[in-house]
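Some notes on the structure that comes next.
The numbers here are math on the coordinates, done by the rules we state, and not lab data. From a predicted model like this one, the values you see are computed outputs, not experimental measurements. All Cβ positions, glycine included, derive from the backbone under ideal geometry; neighbour counts span all protein chains shown.
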């Protein structure tokens with residue numbers, strides 16, 4: 001039974017406490033937050049849990065095996081570094097850090113200490129995303145041409161990081177998981193209306209190997225909550241909709257074909273193929289529950305997580321290229337991912 005500490009009891013931390021408490025394989029011994037009212041709420045929700053206003057004390061505690069970090073990104077490096085130094089395996093919420101150099105340092109620390117470092121890219125543990133990846137790998141969609149992601153809502157509005165760092169990290173992690181590669185370059189534009197220097201909306205285009213294009217739109221200043229990814233291949237298309245729990249994945253037998261019936265070059269044309277629309281049966285399990293189980297599996301088996309520290313570091317490198325492009329008014333920027341520790 002692994003002993004867990006959770007630092008950060010705001011929007012997402014209580015969900016981690018619930019998930020680890022219900023796993024049957026771990027026990028949340030203690031949680032920490034700087035807000036006494038949040039700690040009082042945690043004691044009401046989880047009777048018997050110990051609380052503290054000192055997150056570093058949990059990172060350094062000898063009676064905990066693992067630490068979950070669910071605080072704002074500015075505090076991640078100090079907390080994760082302390083936990084690794086004191087022999088703990090760590091699950092850190094995304095982004096791992098808002099600076100790729102700090103991410104690289106944590107990856108190197110985890111490797112030296114032989115500790116598990118996992119980043120909470122929770123949608124990689126969504127059953128429909130995994131089913132979509134299987135369809136892409138078995139050739140059902142053919143060669144992928146492009147992907148498009150939309151992640152919008154009215155709030156929650158962040159003050160510490162922009163919409164790209166907060167929201168696009170989900171879709172960048174998913175793109176990398178589906179395509180098995182990092183983008184080569186990115187072009188992005190954003191605008192800060194609510195707080196200077198903190199973009200509320202970002203539009204970005206990314207170029208992946210093999211001439212695959214990806215586009216994303218993220219915003220917390222939008223009238224409608226949308227969580228969708230479209231994948232277009234030369235043999236089929238797919239739509240993932242996180243809001244639609246009855247049909248989270250839809251497959252379209254749609255494509256463009258060359259008409260080979262022409263008699264001369266002047267008659268050459270393309271025609272669209274409209275086939276069936278299929279909704280595969282997917283057994284949906286809460287992605288956070290799957291992520292919790294995967295983390296505990298990795299801790300017990302000493303195996304590498306799907307969303308390990310390196311994965312979190314790579315996502316932040318792409319986000320930094322996106323930020324540089326925004327600062328350069330949309331100019332394309334190459335994505336650079338140095339080797340951690342170099």
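Some observations on this one:
- Cα long-axis angle, helix 36-45 against the chain (0 to 90 degrees, to the nearest 10): 80
- Nearest-0.05 FRET efficiency for residue 329 and residue 301, computed from C-beta distance (R0 45 Å): 0.40
- Subtracting the Cα-Cα distance of residue 254 and residue 146 from 0.36 nm times their residue separation leaves 37.4 nm of extension gain.
- The chain: angle of helix 100-113 to the longest principal axis, Cα-based, in degrees nearest 10: 60
- Value at 222 nm in deg cm²/dmol, rounded to 500, when DSSP H runs of n ≥ 4 in the chain each add -39,500 (n - 2.57): -9500 deg cm²/dmol
- Segment 107-135 and segment 300-322 have Cα centres lying 7 Å from one another.
- R0 of 22 Å, Cβ-Cβ distance residue 272-residue 213: FRET efficiency to nearest 0.05: 0.65
- Along each principal axis, Cα extent of segment 203-262, largest first, Å: 50, 31, 19
- Stretch gain in nm, segment residue 114-residue 60, where the contour uses 0.36 nm per residue and the Cα spacing is subtracted: 17.8 nm
- Mean Cβ count within 10 Å, highest first, over the residues of peptides 206-219, 53-66: 206-219, 53-66
- Segment 2-115 - Rg (one decimal) and Dmax (whole number), Cα, Å: 13.3, 40
- When peptides 37-49, 13-25, 68-80 are ranked by their average number of other Cβ atoms within 10 Å per residue, the highest-first order is 68-80, 13-25, 37-49.
- Compared with the dominant principal axis of the Cα atoms in the chain, helix 127-137 is inclined by about 40°.
- As a ratio to 2.2 N^0.38 Å, the alpha-carbon radius of gyration computed for segment 290-342 takes the value 1.57.
- Radius, Kirkwood style, for segment 80-151 when every pair of distinct Cα atoms is counted (Å): 14.7
- Once divided by 2.2 N^0.38 Å, the Cα radius of gyration of the chain becomes 1.07.
- Put simply, when 101-107, 136-142, 188-194 are sorted by average Cβ atoms within 10 angstrom per residue, most first, you get 101-107, 188-194, 136-142.
- Taken over the alpha carbons of segment 16-83 as equal point scatterers, the Debye sum produces base-10 log I(q)/I(0) values at 0.13, 0.14, 0.23 Å⁻¹ of -0.35, -0.41, -1.11.
- Put a dot 7 Å past the Cα of residue 339, heading toward its Cβ, do the same for residue 101, and the two dots end up 2.0 nm apart.
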